[in-house]
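Visitor: Take a look at the following structure, please.
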Amino acid sequence: MFSSSRYSEIKRLVLFHFSNIEKMLLQTCLVTTEKAEKEKLSALLDKLREDALEDIKARLCFVTSMERARLYQSAVTEDGAVDASKLPPAPPDVDYPLDGNKILHVSGRIRETATEVLFDQVEEEQALPNLILDAILKCPIHARKALTQSIVVMGGTAMLPGFRHRLQMELSDLAESPKYRERLAIRTFQFHDPPAKENYTAWLGAAIFGTLEVLPSRSISKEAYLKTGVIPDWSCLTIGVDDEKPSIQ
(Lines give C-alpha, C1' and ligand atoms only; values in the text may rest on other atoms or scores of the structure.)
Protein backbone atom coordinates (compact mmCIF):
# COMPACT_ATOMS: atom_id res chain seq x y z
CA MET A 1 0.00 0.00 0.00
CA PHE A 2 2.87 2.38 0.76
CA SER A 3 4.88 4.00 -2.01
CA SER A 4 8.67 4.33 -1.76
CA SER A 5 8.29 7.88 -0.44
CA ARG A 6 5.91 6.70 2.29
CA TYR A 7 8.31 3.94 3.28
CA SER A 8 11.05 6.57 3.55
CA GLU A 9 8.87 8.69 5.83
CA ILE A 10 8.09 5.71 8.06
CA LYS A 11 11.77 4.72 8.16
CA ARG A 12 12.70 8.28 9.12
CA LEU A 13 10.09 8.25 11.88
CA VAL A 14 11.27 4.92 13.29
CA LEU A 15 14.92 6.04 13.21
CA PHE A 16 13.92 9.24 14.99
CA HIS A 17 12.13 7.11 17.59
CA PHE A 18 15.32 5.05 18.02
CA SER A 19 17.52 8.12 18.48
CA ASN A 20 14.96 9.65 20.84
CA ILE A 21 15.28 6.68 23.20
CA GLU A 22 19.06 7.07 23.23
CA LYS A 23 18.77 10.81 23.88
CA MET A 24 16.39 10.28 26.81
CA LEU A 25 18.64 7.62 28.33
CA LEU A 26 21.81 9.72 28.03
CA GLN A 27 20.18 12.84 29.45
CA THR A 28 18.39 11.41 32.47
CA CYS A 29 19.56 7.92 33.41
CA LEU A 30 22.01 7.02 36.16
CA VAL A 31 24.48 4.13 36.15
CA THR A 32 25.78 2.26 39.16
CA THR A 33 29.47 1.62 38.45
CA GLU A 34 31.82 -1.13 39.66
CA LYS A 35 32.64 1.07 42.67
CA ALA A 36 28.94 1.25 43.61
CA GLU A 37 28.86 4.92 42.68
CA LYS A 38 26.02 6.46 40.69
CA GLU A 39 26.93 8.58 37.70
CA LYS A 40 25.01 10.03 34.79
CA LEU A 41 25.09 7.78 31.76
CA SER A 42 26.25 10.71 29.61
CA ALA A 43 29.34 11.06 31.81
CA LEU A 44 30.37 7.50 30.98
CA LEU A 45 29.29 7.14 27.36
CA ASP A 46 28.81 9.40 24.35
CA LYS A 47 26.42 6.92 22.80
CA LEU A 48 25.01 3.46 23.40
CA ARG A 49 25.85 0.45 21.27
CA GLU A 50 23.10 -0.19 18.73
CA ASP A 51 22.51 -3.74 19.96
CA ALA A 52 22.21 -2.55 23.58
CA LEU A 53 19.83 0.23 22.59
CA GLU A 54 17.65 -2.19 20.61
CA ASP A 55 17.62 -4.61 23.55
CA ILE A 56 16.61 -1.86 25.99
CA LYS A 57 13.77 -0.83 23.69
CA ALA A 58 12.54 -4.40 23.22
CA ARG A 59 12.82 -5.48 26.86
CA LEU A 60 11.91 -2.35 28.82
CA CYS A 61 9.80 0.02 26.72
CA PHE A 62 6.10 -0.16 25.97
CA VAL A 63 3.43 1.94 24.26
CA THR A 64 1.11 3.64 26.71
CA SER A 65 -2.63 4.08 26.30
CA MET A 66 -4.04 7.06 24.43
CA GLU A 67 -5.64 8.32 27.66
CA ARG A 68 -2.33 8.41 29.55
CA ALA A 69 -0.60 9.96 26.53
CA ARG A 70 -3.11 12.81 26.60
CA LEU A 71 -2.33 13.36 30.29
CA TYR A 72 1.37 13.67 29.47
CA GLN A 73 0.56 16.15 26.70
CA SER A 74 -1.65 18.26 28.96
CA ALA A 75 1.16 18.48 31.53
CA VAL A 76 3.37 20.41 29.09
CA THR A 77 2.94 24.16 29.53
CA GLU A 78 3.06 26.79 26.78
CA ASP A 79 6.72 27.54 27.48
CA GLY A 80 7.66 23.86 27.15
CA ALA A 81 8.01 23.16 30.87
CA VAL A 82 6.33 20.16 32.51
CA ASP A 83 3.76 20.57 35.29
CA ALA A 84 4.60 17.55 37.43
CA SER A 85 1.28 17.81 39.29
CA LYS A 86 -0.59 16.88 36.09
CA LEU A 87 1.51 13.83 35.26
CA PRO A 88 -0.04 10.38 35.77
CA PRO A 89 1.63 8.00 38.26
CA ALA A 90 4.90 6.71 36.83
CA PRO A 91 5.40 3.03 35.95
CA PRO A 92 8.09 1.13 37.89
CA ASP A 93 11.75 1.87 37.25
CA VAL A 94 13.82 -1.02 35.88
CA ASP A 95 17.51 -1.90 36.15
CA TYR A 96 19.37 -3.06 33.06
CA PRO A 97 22.84 -4.71 33.10
CA LEU A 98 25.20 -2.60 31.03
CA ASP A 99 28.58 -3.98 29.92
CA GLY A 100 28.35 -6.77 32.45
CA ASN A 101 29.47 -4.91 35.59
CA LYS A 102 27.44 -1.71 35.36
CA ILE A 103 23.75 -1.26 36.12
CA LEU A 104 21.68 1.21 34.13
CA HIS A 105 18.66 2.58 36.00
CA VAL A 106 15.85 3.24 33.51
CA SER A 107 12.99 5.32 34.83
CA GLY A 108 9.37 4.38 34.32
CA ARG A 109 8.76 7.69 32.56
CA ILE A 110 11.30 6.83 29.88
CA ARG A 111 9.92 3.32 29.49
CA GLU A 112 6.44 4.74 28.89
CA THR A 113 7.11 7.88 26.84
CA ALA A 114 10.03 6.88 24.61
CA THR A 115 7.65 5.72 21.87
CA GLU A 116 5.46 8.84 21.88
CA VAL A 117 7.40 10.33 18.95
CA LEU A 118 5.63 7.76 16.76
CA PHE A 119 2.28 9.34 17.58
CA ASP A 120 3.33 12.98 18.04
CA GLN A 121 1.40 15.11 15.56
CA VAL A 122 3.30 18.31 16.25
CA GLU A 123 5.98 17.79 13.61
CA GLU A 124 4.04 18.61 10.42
CA GLU A 125 1.51 15.91 11.32
CA GLN A 126 3.94 13.20 10.22
CA ALA A 127 2.95 10.79 12.95
CA LEU A 128 2.48 7.13 12.10
CA PRO A 129 -1.36 7.28 12.12
CA ASN A 130 -1.25 10.24 9.71
CA LEU A 131 1.05 8.39 7.33
CA ILE A 132 -1.32 5.43 7.25
CA LEU A 133 -4.43 7.53 6.61
CA ASP A 134 -2.67 9.65 3.99
CA ALA A 135 -1.55 6.48 2.17
CA ILE A 136 -5.12 5.15 2.18
CA LEU A 137 -6.42 8.43 0.77
CA LYS A 138 -3.98 8.18 -2.13
CA CYS A 139 -5.59 4.88 -3.17
CA PRO A 140 -8.72 4.59 -5.37
CA ILE A 141 -11.87 5.35 -3.41
CA HIS A 142 -13.35 1.89 -4.01
CA ALA A 143 -10.29 0.25 -2.40
CA ARG A 144 -10.16 2.32 0.78
CA LYS A 145 -12.61 0.34 2.89
CA ALA A 146 -10.83 -2.92 2.09
CA LEU A 147 -7.52 -1.36 3.07
CA THR A 148 -8.80 -0.07 6.43
CA GLN A 149 -9.99 -3.61 7.17
CA SER A 150 -6.73 -5.26 6.12
CA ILE A 151 -3.96 -3.65 8.18
CA VAL A 152 -0.88 -5.69 9.08
CA VAL A 153 1.90 -4.14 11.16
CA MET A 154 5.43 -5.52 11.14
CA GLY A 155 8.91 -4.75 12.38
CA GLY A 156 10.47 -4.96 15.83
CA THR A 157 8.76 -1.81 17.08
CA ALA A 158 5.38 -3.37 16.31
CA MET A 159 6.14 -6.02 18.95
CA LEU A 160 6.22 -3.51 21.79
CA PRO A 161 3.43 -4.11 24.31
CA GLY A 162 0.45 -1.84 23.60
CA PHE A 163 1.60 -0.81 20.11
CA ARG A 164 -1.21 -2.26 18.04
CA HIS A 165 -3.98 -1.22 20.44
CA ARG A 166 -2.65 2.35 20.60
CA LEU A 167 -2.32 2.58 16.83
CA GLN A 168 -5.89 1.39 16.37
CA MET A 169 -7.20 3.95 18.87
CA GLU A 170 -5.20 6.76 17.28
CA LEU A 171 -6.45 5.88 13.79
CA SER A 172 -10.10 5.86 14.91
CA ASP A 173 -9.65 9.17 16.73
CA LEU A 174 -7.79 10.79 13.83
CA ALA A 175 -10.43 9.68 11.33
CA GLU A 176 -12.90 11.94 13.20
CA SER A 177 -10.67 15.00 12.82
CA PRO A 178 -11.57 17.73 10.28
CA LYS A 179 -8.71 16.76 7.97
CA TYR A 180 -10.01 13.24 7.41
CA ARG A 181 -13.70 13.21 8.40
CA GLU A 182 -15.04 14.34 5.02
CA ARG A 183 -12.48 12.59 2.85
CA LEU A 184 -12.52 9.19 4.57
CA ALA A 185 -16.00 7.98 5.51
CA ILE A 186 -14.61 5.06 7.53
CA ARG A 187 -14.26 5.00 11.30
CA THR A 188 -13.16 1.42 12.07
CA PHE A 189 -9.83 -0.22 11.34
CA GLN A 190 -9.16 -3.94 11.47
CA PHE A 191 -5.74 -5.40 12.20
CA HIS A 192 -4.63 -8.89 11.22
CA ASP A 193 -1.88 -11.07 12.65
CA PRO A 194 1.08 -11.48 10.28
CA PRO A 195 2.05 -15.00 9.18
CA ALA A 196 5.21 -14.84 11.29
CA LYS A 197 6.73 -12.84 14.14
CA GLU A 198 6.53 -9.13 13.37
CA ASN A 199 10.27 -8.62 13.43
CA TYR A 200 10.92 -10.99 10.52
CA THR A 201 7.65 -10.87 8.58
CA ALA A 202 9.24 -8.55 6.00
CA TRP A 203 12.12 -11.00 5.54
CA LEU A 204 9.66 -13.86 5.05
CA GLY A 205 7.74 -11.87 2.43
CA ALA A 206 10.97 -11.02 0.61
CA ALA A 207 12.07 -14.66 0.69
CA ILE A 208 8.78 -15.77 -0.87
CA PHE A 209 8.88 -12.97 -3.42
CA GLY A 210 12.42 -13.95 -4.35
CA THR A 211 11.16 -17.29 -5.67
CA LEU A 212 8.66 -15.73 -8.09
CA GLU A 213 9.17 -15.29 -11.82
CA VAL A 214 8.31 -11.60 -11.54
CA LEU A 215 11.50 -10.90 -9.55
CA PRO A 216 13.62 -9.65 -12.52
CA SER A 217 11.08 -6.89 -13.28
CA ARG A 218 10.80 -5.93 -9.61
CA SER A 219 14.44 -5.78 -8.57
CA ILE A 220 17.42 -3.50 -8.97
CA SER A 221 21.11 -4.31 -8.92
CA LYS A 222 23.44 -2.94 -6.29
CA GLU A 223 25.46 -1.21 -9.01
CA ALA A 224 22.37 0.57 -10.40
CA TYR A 225 21.33 1.72 -6.93
CA LEU A 226 24.80 3.03 -6.08
CA LYS A 227 24.85 4.91 -9.37
CA THR A 228 21.49 6.66 -8.97
CA GLY A 229 20.59 6.37 -5.30
CA VAL A 230 16.98 5.80 -6.35
CA ILE A 231 14.71 2.79 -5.82
CA PRO A 232 11.73 2.60 -8.22
CA ASP A 233 8.23 2.78 -6.79
CA TRP A 234 7.36 -0.91 -7.02
CA SER A 235 3.73 -0.19 -6.09
CA CYS A 236 3.35 1.21 -9.63
CA LEU A 237 2.55 -1.91 -11.62
CA THR A 238 3.75 -0.41 -14.92
CA ILE A 239 7.37 -0.11 -13.83
CA GLY A 240 9.59 -2.67 -15.49
CA VAL A 241 6.74 -4.71 -17.00
CA ASP A 242 7.72 -4.18 -20.62
CA ASP A 243 11.44 -3.77 -20.05
CA GLU A 244 14.15 -6.29 -19.41
CA LYS A 245 15.30 -4.14 -16.51
CA PRO A 246 13.24 -1.78 -14.34
CA SER A 247 13.38 1.85 -15.32
CA ILE A 248 14.81 4.28 -12.81
CA GLN A 249 13.52 7.83 -12.69
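Visitor: If one takes the longest principal axis of the Cα atoms in the chain, at what angle in degrees, from 0 to 90 and to the nearest 10, does the Cα axis of helix 128-137 lie?
Guide: With rounding to tens, the tilt is 20 degrees.
Visitor: Further, regarding this structure: I'd like to know how the chain sits against the 2.2 N^0.38 Å rule of thumb: what's its Cα Rg over that expected value? Display every interim value, and only then the final one.
Guide: Numbers: Rg = 21.3 Å, N = 249, 2.2 N^0.38 = 17.9 Å.
Scaled against compact globular proteins, the figure is 1.19.
Visitor: Under a point-charge model restricted to the Cβ atoms of Lys and Arg (+1) and Asp and Glu (-1), what is the dipole moment magnitude of the chain relative to its Cα centre, in debye to the nearest 20? Could the numbers behind the result be given before it?
Guide: Details: 31 positive and 36 negative charges, 81 e Å.
Charge dipole, the chain, about its Cα centre: 400 debye, nearest 20.
Visitor: How high is the relative contact order of the chain, given as a whole-number percent (alpha carbon pairs under 8 Å, six or more residues apart)?
Guide: On the way: 293 pairs, mean separation 48.4, N = 249.
Relative contact order of the chain: 19 percent.
Visitor: Ranked highest first by average number of other Cβ atoms within 10 Å, how do 15-21, 191-197 line up?
Guide: The packing order, highest mean first, is 15-21, 191-197.
Visitor: In deg cm²/dmol and to the nearest 500, what is the mean residue ellipticity at 222 nm of the chain if only DSSP H runs of at least 4 residues count, each as -39500 (n - 2.57), divided by the residue total? Each step should come with its number before you reach the end.
Guide: Values: 11 runs with 103 residues, N = 249.
-12000 deg cm²/dmol, from helical runs alone.
Visitor: Using only Cα atoms, what is the ratio of the radius of gyration of the stretch 108-176 to 2.2 N^0.38 Å? List each step's numbers first, then the result.
Guide: Numbers: Rg = 13.1 Å, N = 69, 2.2 N^0.38 = 11.0 Å.
For the stretch 108-176, the normalised Cα radius of gyration is 1.19.
Visitor: Provide the per residue accessible area, probe 1.4 Å, for the chain, rounded to a whole number of square angstrom.
Guide: Numbers: 15020 Å² over 249 residues.
Spelled out: the 1.4 Å probe surface of the chain, per residue, equals 60 Å².
Visitor: Determine the alpha carbon to alpha carbon distance for each of Lys138/Lys222; Lys57/Lys102; Lys23/Lys138; Lys23/Lys102; Lys23/Lys86 and list only those over 27 Å. All intermediate terms of the calculation are to be shown ahead of the outcome.
Guide: Working: Lys138/Lys222 30 Å; Lys57/Lys102 18 Å; Lys23/Lys138 35 Å; Lys23/Lys102 19 Å; Lys23/Lys86 24 Å.
As for pairs spanning more than 27 Å Cα to Cα, those are Lys138/Lys222; Lys23/Lys138.
Visitor: Ignoring ligands, DNA and RNA, please state the percent of accessible area on the stretch 72-183 from carbon and sulfur, probe 1.4 Å. Could the numbers behind the result be given before it?
Guide: On the way: 3210 of 5820 Å².
Heavy-atom surface of the stretch 72-183 belonging to carbon and sulfur, 1.4 Å probe: 55 percent.
Visitor: Let me ask you something else. Please determine, in degrees from 0 to 90 and to the nearest 10, the orientation of helix 4-28 with respect to the longest principal axis defined by the Cα atoms of the chain, where the helix direction is its Cα long axis.
Guide: It is inclined by approximately 10 degrees.
The values are calculated or read from the model by the stated rules, or taken from the named source; none is laboratory data. Here the structure is a predicted model, which is why all the values come from computation and not from measurement. In this analysis, Cβ positions are derived from the backbone assuming ideal geometry, glycine residues included, and neighbour counts consider all displayed protein chains. Surface accessibility is based on the protein's heavy atoms, side chains included, excluding ligands, DNA and RNA. Shrake-Rupley method; radii C 1.70, N 1.55, O 1.52, S 1.80 Å.
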